[in-house]
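Novice: Structure provided below as structure tokens; questions to follow.
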Amino acid sequence: MDDRFAMVLDGAGGARDVPFGGAEGAPEGGFRWVHVMQPASTGAEWLADLGGHEVVEAALLAEETRPRCTILGDAVLLNMRGVNLNPGEQPEDMISIRIWAQPGLVVTVTRRSVLALEDLHARCLAGAAPASPAEMIARLALRLADRAEPVVADLNERIDDLEEHMSDPGALPPRSALADIRRVSIVLRRYMFPQRDALSTLEIEDVPWIGGLERARLREATERVTRLAEELDAIRDRAQVVHDHMMDSRAEAMNRQMLVLSVVTAVFLPLGLLTGLLGINVGGIPGANSGFAFWIVSAGLVLLGAAQFLTFWRMGWLRRR
């Protein structure tokens, strides 16, 4: 698909390319589609030729956008987001699609390539073009949801794998994988709920060129986006559960290690005290002149240490919990 193109759709499924910037208008019962993939901070003389005023130009060429729907008389300004499926890109780096639609004209502006738009363009060339601007918006919204579903499904599979890994005793899932799932789900969710609200607004607004069939399709697109947003909510909550389990497991392991260190310290503290007392360089040390005193003291220390370990075992300090 070219960076710029213009098409005339006859309203009966047919479509044909026309020169970009040409003066050819929409046929009876049809409309014209103008698409531009335009980098930021570039001119928009082509938009002025289409009759776009300052508000339209500011909305279509804004540096940053969020999904929204604004009604301007009989025209609609709609911003949506699509997952970034371009090679080497991250899906959560969602691409903005700015739409200006009115009777007889639809203008779409993007910064990068959007596969959902390419799908729609291919359908037009195949003789299955939308019959009206409203139907085109509804189809595009559905295709955006279709393209986002595999990304959300992949997140579900990844969190399933982490939960299964978490069920193994003593095994912890990698923290980097969990952090990536949480990051992607949060970013996608950030745009899904506003997109749902924008489509819902367009569906209920009293726009004369949106008919009953188009409203039904917009309602279906709204439901699809809502379901994706709810799945992202569930993924985020499941990731939080996995994270809490990881923190609990790490805290439990640390507590066990600290308990072992405490037991070792408790055992050797009295032993060290006794050996320290017997090792002071003063007169009167018992057994100083006896050849058996060392072995007697060593046996006593062993018995004392064994008694301490037995006591700790009975108290449950050395048992695995």
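The values are calculated or read from the model by the stated rules, or taken from the named source; none is laboratory data. Here the structure is a predicted model, which means the values were calculated and not measured. Cβ atoms come from the backbone with ideal geometry, glycine included; neighbour counts cover every protein chain shown.
Novice: For the condition among the hydrophobic types (A, V, I, L, M, F, W, C), surrounded by 14 or more Cβ atoms within 10 Å (Cβ to Cβ) and within 30 Å of T201 (Cα to Cα), what is the one hit in L228, L259, L278, L271?
Specialist: L228
Novice: Test G305 against the stated conditions and say whether it is in a loop (DSSP other than H, G, I, E, B), more than 30 Å from P174 (Cα to Cα), of a type in the set (G, A, S) and in contact with a Phe, Trp or Tyr (Cβ under 9 Å, 6 or more places away or on another chain).
Specialist: Answer is no for this residue.
Novice: Please go through segment 221-236 and pick out each residue that is β-branched (V, I, T) and out of contact with any Asp or Glu (no Cβ under 9 Å at 6 or more places or on another chain).
Specialist: Selection gives V225, T226, I235.
Novice: Follow-up question, since we're still on this one. Would you check if P87 is out of contact with any His (no Cβ under 8 Å at 6 or more places or on another chain) and buried (at least 19 other Cβ atoms within 10 Å of the Cβ)?
Specialist: Here the answer is no, as P87 does not meet what is asked.
Novice: Moving on to the next point. Being assigned to a helix (DSSP H, G or I), buried (at least 20 other Cβ atoms within 10 Å of the Cβ) and touching a residue at least 24 places away in the same chain (Cβ under 8 Å) is the filter; apply it to segment 100-120 and report the residue that is nearest to the chain's Cα centre (by Cα).
Specialist: Across segment 100-120, the extreme among qualifying residues is A116.
Novice: Now, a different point. Could you check V207 against (1) in contact with a strand residue (DSSP E or B) (Cβ under 8 Å, 6 or more places away or on another chain); (2) surrounded by fewer than 16 Cβ atoms within 10 Å (Cβ to Cβ) and say which number it fails?
Specialist: (2)
Novice: Among the residues of segment 281-298, what is the count of those that are farther than 22 Å from V263 by Cβ and surrounded by 10 or more Cβ atoms within 10 Å (Cβ to Cβ)?
Specialist: Of the residues in that region, 9 qualify.
Novice: Based on this model, can you work out whether E57 counts as surrounded by fewer than 18 Cβ atoms within 10 Å (Cβ to Cβ), over 30 Å from V184 (Cβ atoms), at pLDDT below 90 and over 32 Å from the mean Cα position of the chain (by Cα)?
Specialist: So E57 fails the test.
Novice: Can I ask one more? Mind checking which residues of segment 52-99 are out of contact with any helix residue (DSSP H, G or I) (no Cβ under 9 Å at 6 or more places or on another chain), among the hydrophobic types (A, V, I, L, M, F, W, C) and either assigned to a strand (DSSP E or B) or under 24 Å from A129 (Cα atoms) (or both)?
Specialist: Selection gives I95 alone.
Novice: Follow-up question, since we're still on this one. Any residue at all in segment 101-123 that is in contact with an Asp or Glu (Cβ under 6 Å, 6 or more places away or on another chain), at pLDDT 90 or above and more than 29 Å from G212 (Cβ to Cβ)?
Specialist: Within segment 101-123, none of the residues are in contact with an Asp or Glu (Cβ under 6 Å, 6 or more places away or on another chain), at pLDDT 90 or above and more than 29 Å from G212 (Cβ to Cβ).
Novice: Does E135 count as in a helix (DSSP H, G or I), crowded, with 16+ Cβ neighbours inside 10 Å, modelled with pLDDT of 90 or more and among the acidic types (D, E)?
Specialist: The answer is yes for E135.
Novice: Hey, any hits in segment 216-226 for a residue that's in a helix (DSSP H, G or I) and over 23 Å from I97 (Cα atoms)?
Specialist: Scanning segment 216-226, I find no residue that is in a helix (DSSP H, G or I) and over 23 Å from I97 (Cα atoms), so the answer is no.
Novice: Follow-up question, since we're still on this one. Here is a list: R183, R190. Which entry is without any contact (Cβ under 8 Å) to a residue 60 or more places away in the chain and either farther than 22 Å from D160 by Cβ or out of contact with any helix residue (DSSP H, G or I) (no Cβ under 8 Å at 6 or more places or on another chain) (or both)?
Specialist: R190
Novice: Suppose we filter W33, W46 for residues that are touching a strand residue (DSSP E or B) at 6+ places or on another chain (Cβ under 8 Å), crowded, with 20+ Cβ neighbours inside 10 Å and aromatic (F, W, Y); which single one remains?
Specialist: The conditions single out W33.
Novice: Please state which of the following conditions G212 fails to meet, knowing it meets all the rest: (1) modelled with pLDDT of 90 or more; (2) surrounded by 12 or more Cβ atoms within 10 Å (Cβ to Cβ).
Specialist: (2)
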